[in-house]
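**Student:** Dumping the structure here so I can ask a few things about it.
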Amino acid sequence: MSPTRPTTANVFIASFIHAVLILSAPHLHAQATNYADKPPLLLGAAWYPEQWPESRWEKDLSEMAAAHIDVVRVGEFAWSTMEPSEGQYDFGWLERAIDLAAKHHVCVVLGTPTAAPPAWLTTKYPETLRWDENGVRDEHGNREQFSFTDPKYRQLAHDIAEQMAIHFGHNPNVVGWQLDNEYSAPSFDPTAKEQFHRWLEKKYVTVAELNRHWAAAYWSQSYDNFDEIPVREDGENPALLLEWKRFVSETWKSYSENQISAIRPHADSRQFITTNTMGWFDGFNEYTVHSVLDIAAWDDYIPTDNYDYIANGAAHDLTRGYKQKNFWVMETEPAFVNWRKTNTPLLKGQVRDMAWQAIGHGAEAVEYWQWRSAPNGQEEYHGVLVGADGTPVPVYEEIKKTGEEFAKAGSALAGTAPHAEVALVNDFPSRWAIDFQRHSADFDPVGEMLAFYRPLREQSQCVDMISIDAPLDGYKVVELPGLNVISQAIADRLMAYVRNGGHLLLGPRSAMKDKYNALQPERQPGPLADFLGGRVDQFYALDQKVPVTGDLGSGTANIWAEQLSVQSPDTKVIATYGKSNGWLDDQPVVITRHVGQGSITYVGAWLDEALLSDLTTGLLAEAGVKPILPGVPQGVEVCRRSGQGKSVLILINHNTEQEHVALPSPMRDLIGSQDSISAVDLAPYGVAVLSYEK
Ligand code: GLA
Ligand code: GLA
């Protein structure tokens, strides 16, 4: 049973007017893709025709068409079928599969097969195999056994991508390209080390400069030349660790560029190029890699037994932020996966709930992995749409219903995107820096991001998750839960944002390090301390809760607490610690200052949910941010997409009980009755998609 928040007609009306006004907000996120001849919302599946006799394809495609599946991703992992021996290409089967798909009105995303090199390749060119950190070379088998730096591998990857593009770059049924599959493990082979050393040399020019920034006199680390620098992922100087991550990010970027340079000259410009990412995975900087991609895409799998819809929505927003426009869900689970400890299914109804949540957060396509399991191979137990016998499994019907609904609501959602007034900054260098030296094992930088995200999402109902390099001007509130690494240039931009009327919220551990992962010469928040008129006197890891009281009400801090002090007379203390370890007793924990037209607030601890919620309420009120649709029951998610003079609300009931939502004005029920309605009853995991005039 979920509690219901108070509602009043007046709040509805005020909010509705407000909602209409912000449709002219400056952040116009373009539609990511545009195919005049394809449905605006695409439902899809990963299809592996190479794993089945051709005689079977027609039946598969008719079953897909019957489920309103409009797109298949094909080809990733099929290198040994496309190039059975070196330089001998066979694309006939792929061409026939794409043509047959077209006959069933199913379009295609082509995957380059470079996450699965064939056996002839790794046998003939063992130098293409990846080395782990301990110098152990991978063997052929499984997948992702390649080195991302190896020149021979790059050449072979370029060649296969180019041949694919020559064949399919103008194929009207191919809408885009996925490079490789889920970039992840770097290689520590000699080429990678050599490239890292040259990368450092280019950046620092002299080794003396590197020694200075890395404080290399510490433990006699001073280097005489760049080739002496070790390459490891932990236990090293934090400056080295951070630079290695940056190098890995640049390498995945150039790995992408290598294939893009093979595809783009032969492909129509309407064909997008992307890769499929993994939510909060932090092996490289997604903003760096996405700088060379056309759209963002991710694989949405629920990592635990519990579908935490707010956390899942945050990962959608994260992905939308890579290009600041709509994105694709390239893979998602047809109820369950095969790689968790216990692969429990999503509950009946939650597959559809998740699909609509993706659309609500700006997805243009939702594709299930996978259509049908291969008869053998490592993933025989994974969720599918049709079984080994070739007939639909139970979840097929739920996906089919979702497909019918995508078709009904598609034209209303075409050209629309979410538009947020508030932003949360995700910063890879800061996440890495904290992770290298958590100090408190429970200080998970992603957990901290989500702690700030939750109330922001619940109260504003639309959040952009952005890079620190993205423009901030259009946002009324910008939160930096963990901007641990900061440069003077970033500090200057943040101060300008506040002076011009922005409301800035900094979380604990903010602005502690410079871009070399060295401690700032001033106390936290470093280059923002004078501007804040307050600073961190000392930080403490906590193993028990500490009481917090103040304007926000009472609650606790846990995991991390900073003892703050105030230097400026107009910096206000809005919460203090109660009695705890002596150091923190009665000391400030949250301080705030008005500067120019805006404000800066510093939160020195990991506050509990209620305190963070109250803090958010105050900040949003001060900044004039209102929810899209106030008064909805807890657990009912509100998403809005707008653009081209249209507005569409997507309401999702994530609860196990029916919920009632009154609407501020009559809206057209796009996937239900098609009538104009002024209230909606949402079944458990129920969805309503409602259009209204701007
Ligand atoms: C040991 C070492 C020191 C220092 C401290 C830190 O005692 O000898 O160099 O690392 O630990 O606690
Ligand atoms: C990942 C991979 C897919 C498949 C799924 C299974 O997302 O990209 O190839 O292995 O996991 O969940």
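**Student:** Tell me, please, whether a residue that is in contact with a Ser or Thr (Cβ under 9 Å, 6 or more places away or on another chain), at pLDDT 95 or above, part of a helix (DSSP H, G or I) and farther than 17 Å from Val425 by Cβ can be found in the stretch 450-465.
**Tutor:** Going through the stretch 450-465, the residues in contact with a Ser or Thr (Cβ under 9 Å, 6 or more places away or on another chain) turn out to be 452, 454-456, 458-460, 465.
Those still in the list that are at pLDDT 95 or above too: 452, 454-456, 458-460, 465.
Next, only the ones that are part of a helix (DSSP H, G or I) stay: 452, 454-456, 458-460.
Checking which are farther than 17 Å from Val425 by Cβ leaves us with 458-459.
Checked against the condition, which is being in contact with a Ser or Thr (Cβ under 9 Å, 6 or more places away or on another chain), at pLDDT 95 or above, part of a helix (DSSP H, G or I) and farther than 17 Å from Val425 by Cβ, the stretch 450-465 yields at least one hit.
**Student:** Next question. From Gly279, Gly283, which residue is within 20 Å of the chain's Cα centre (by Cα) and either assigned to a helix (DSSP H, G or I) or within 14 Å of ligand 2 (Cβ to nearest atom) (or both)? Step through it out loud before you land on a result.
**Tutor:** On the way: Gly283 fails: either assigned to a helix (DSSP H, G or I) or within 14 Å of ligand 2 (Cβ to nearest atom) (or both).
One residue alone meets the criteria, Gly279.
**Student:** Same structure again: Against the definition (assigned to a loop (DSSP other than H, G, I, E, B) and more than 10 Å from ligand 2 (Cβ to nearest atom)), how does Ala358 come out, yes or no? Can you show your working first?
**Tutor:** Numbers: assigned to a loop (DSSP other than H, G, I, E, B): no; more than 10 Å from ligand 2 (Cβ to nearest atom): yes.
It is false that Ala358 is assigned to a loop (DSSP other than H, G, I, E, B) and more than 10 Å from ligand 2 (Cβ to nearest atom).
**Student:** Any idea which residue in the stretch 50-79 is farthest from Gln370 (Cα to Cα), counting only those that are within 16 Å of ligand 2 (Cβ to nearest atom) and assigned to a helix (DSSP H, G or I)?
**Tutor:** Out of the qualifying residues, it is Trp79.
**Student:** Would you check if there is a residue in the stretch 128-141 being within 16 Å of ligand 2 (Cβ to nearest atom) and either of a type in the set (Lys, Arg) or surrounded by 23 or more Cβ atoms within 10 Å (Cβ to Cβ) (or both)? Steps first, answer last, please.
**Tutor:** Residues of the stretch 128-141 within 16 Å of ligand 2 (Cβ to nearest atom): 141.
The next check asks that each one be either of a type in the set (Lys, Arg) or surrounded by 23 or more Cβ atoms within 10 Å (Cβ to Cβ) (or both); those that pass are none.
The answer is no; no qualifying residue exists.
**Student:** Out of (1) modelled with pLDDT of 95 or more; (2) under 30 Å from Ala417 (Cα atoms), the odd one out for Pro49 is which?
**Tutor:** Unmet for Pro49, out of (1) modelled with pLDDT of 95 or more; (2) under 30 Å from Ala417 (Cα atoms): (2).
Conditions tested, residue by residue: (1) within 16 Å of ligand 2 (Cβ to nearest atom); (2) out of contact with any strand residue (DSSP E or B) (no Cβ under 8 Å at 6 or more places or on another chain).
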site: Ile273; (1), (2): no, no
site: Asp299; (1), (2): yes, no
site: Pro303; (1), (2): yes, yes
site: Ala315; (1), (2): yes, no
site: Asn326; (1), (2): no, no
site: Met330; (1), (2): yes, no
site: Ala335; (1), (2): yes, yes
site: Thr342; (1), (2): yes, yes
site: Lys348; (1), (2): no, yes
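**Student:** Report yes if Asp353 is out of contact with any Cys (no Cβ under 9 Å at 6 or more places or on another chain), more than 16 Å from ligand 2 (Cβ to nearest atom), among the charged types (D, E, K, R) and without any contact (Cβ under 8 Å) to a residue 40 or more places away in the chain, otherwise no.
**Tutor:** no
**Student:** Let me ask another. Condition first: out of contact with any Leu (no Cβ under 8 Å at 6 or more places or on another chain), touching a residue at least 12 places away in the same chain (Cβ under 8 Å) and among the charged types (D, E, K, R). Now tell me which residues in the stretch 233-256 satisfy that.
**Tutor:** Hits for the stretch 233-256 are Lys245, Arg246, Glu250, Lys253.
**Student:** Could you look through the stretch 345-382, keep only residues that are of a type in the set (D, E, K, R) and under 15 Å from Phe406 (Cβ atoms), and pick out the one that is surrounded by the most Cβ atoms within 10 Å (Cβ to Cβ)? Show your work before the answer.
**Tutor:** Quick first cut of the stretch 345-382, residues of a type in the set (D, E, K, R) only: 348, 352-353, 364, 367, 372, 379-380.
Next cut, under 15 Å from Phe406 (Cβ atoms) only: 352-353, 364, 367.
Working: Arg352: 21, Asp353: 22, Glu364: 25, Glu367: 28.
My answer is Glu367.
**Student:** Among the residues of the stretch 257-278, count how many are of a type in the set (Ser, Thr, Tyr) and either surrounded by 18 or more Cβ atoms within 10 Å (Cβ to Cβ) or touching a Leu at 6+ places or on another chain (Cβ under 9 Å) (or both). Let's see the steps before the verdict.
**Tutor:** Going through the stretch 257-278, the residues of a type in the set (Ser, Thr, Tyr) turn out to be 261, 269, 274-275, 277.
With either surrounded by 18 or more Cβ atoms within 10 Å (Cβ to Cβ) or touching a Leu at 6+ places or on another chain (Cβ under 9 Å) (or both) added as a condition, the list becomes 274-275, 277.
Residues flagged as of a type in the set (Ser, Thr, Tyr) and either surrounded by 18 or more Cβ atoms within 10 Å (Cβ to Cβ) or touching a Leu at 6+ places or on another chain (Cβ under 9 Å) (or both) within the stretch 257-278 amount to 3.
**Student:** List pairs: first residue in the stretch 219-230 and part of a loop (DSSP other than H, G, I, E, B), second residue among the polar types (S, T, N, Q) anywhere in the structure, Cβ distance under 7 angstrom, at least six positions apart or on different chains.
**Tutor:** Gln221/Asn237; Ser222/Asn211; Tyr223/Asn211
**Student:** Next question. List the pairs whose first member sits in the stretch 416-438 and is more than 30 Å from Gly643 (Cβ to Cβ), whose second member is among the β-branched types (Val, Ile, Thr) and assigned to a helix (DSSP H, G or I), and whose Cβ atoms are under 8 Å apart, counting only residues at least 6 apart or on separate chains?
**Tutor:** Final answer for the pair search is Arg431/Val446.
**Student:** Which one is nearest to Gly534 (Cα to Cα), of the residues in the stretch 591-600 that are surrounded by fewer than 24 Cβ atoms within 10 Å (Cβ to Cβ) and under 30 Å from the mean Cα position of the chain (by Cα)?
**Tutor:** Ser599
**Student:** Tell me yes or no: at least one residue of the stretch 304-315 is charged (D, E, K, R) and crowded, with 17+ Cβ neighbours inside 10 Å. Explain how you work it out, then say what you get.
**Tutor:** Going residue by residue through the stretch 304-315, those that are charged (D, E, K, R) are 305, 308.
If we keep only those that are crowded, with 17+ Cβ neighbours inside 10 Å too, we end up with none.
No; the residues of the stretch 304-315 include none that is charged (D, E, K, R) and crowded, with 17+ Cβ neighbours inside 10 Å.
**Student:** For the stretch 372-421, give me the residue count where each residue is assigned to a loop (DSSP other than H, G, I, E, B), closer than 21 Å to Glu333 by Cβ and touching a His at 6+ places or on another chain (Cβ under 7 Å).
**Tutor:** 1
**Student:** Of (1) surrounded by fewer than 18 Cβ atoms within 10 Å (Cβ to Cβ); (2) under 22 Å from Tyr35 (Cβ atoms), Phe281 satisfies all except one. Which?
**Tutor:** It fails just one condition, (2).
**Student:** Given the criterion in contact (Cβ under 8 Å) with a residue 60 or more places away in the chain and either closer than 26 Å to Thr277 by Cβ or touching a strand residue (DSSP E or B) at 6+ places or on another chain (Cβ under 9 Å) (or both), identify the matching residue among Ala78, Ala102. Before you say what the answer is, go through the steps one by one.
**Tutor:** Details: Ala78 fails: in contact (Cβ under 8 Å) with a residue 60 or more places away in the chain.
Matching residue, one of Ala78, Ala102: Ala102.
**Student:** Residues of the stretch 165-206 being surrounded by fewer than 19 Cβ atoms within 10 Å (Cβ to Cβ) and part of a strand (DSSP E or B), which ones?
**Tutor:** none
**Student:** Shifting gears a bit: Residues in the stretch 405-415: is at least one more than 16 Å from ligand 2 (Cβ to nearest atom), within 15 Å of Ile671 (Cα to Cα) and of a type in the set (Phe, Trp, Tyr)?
**Tutor:** Within the stretch 405-415, one or more residues are more than 16 Å from ligand 2 (Cβ to nearest atom), within 15 Å of Ile671 (Cα to Cα) and of a type in the set (Phe, Trp, Tyr).
**Student:** Could you please tell me which pairs satisfy a Cβ distance under 7 Å, a separation of 6+ or placement on different chains, a first residue in the stretch 514-529 that is over 17 Å from Asn237 (Cβ atoms), and a second residue that is hydroxyl-bearing (Ser, Thr, Tyr)?
**Tutor:** Qualifying pairs under 7 Å: Gln524/Ser510; Pro525/Ser510; Pro525/Tyr602.
The values are calculated or read from the model by the stated rules, or taken from the named source; none is laboratory data. Owing to the predicted nature of the structure, the values given are computational and were not obtained by experimental measurement. In this analysis, Cβ positions are derived from the backbone assuming ideal geometry, glycine residues included, and neighbour counts consider all displayed protein chains.
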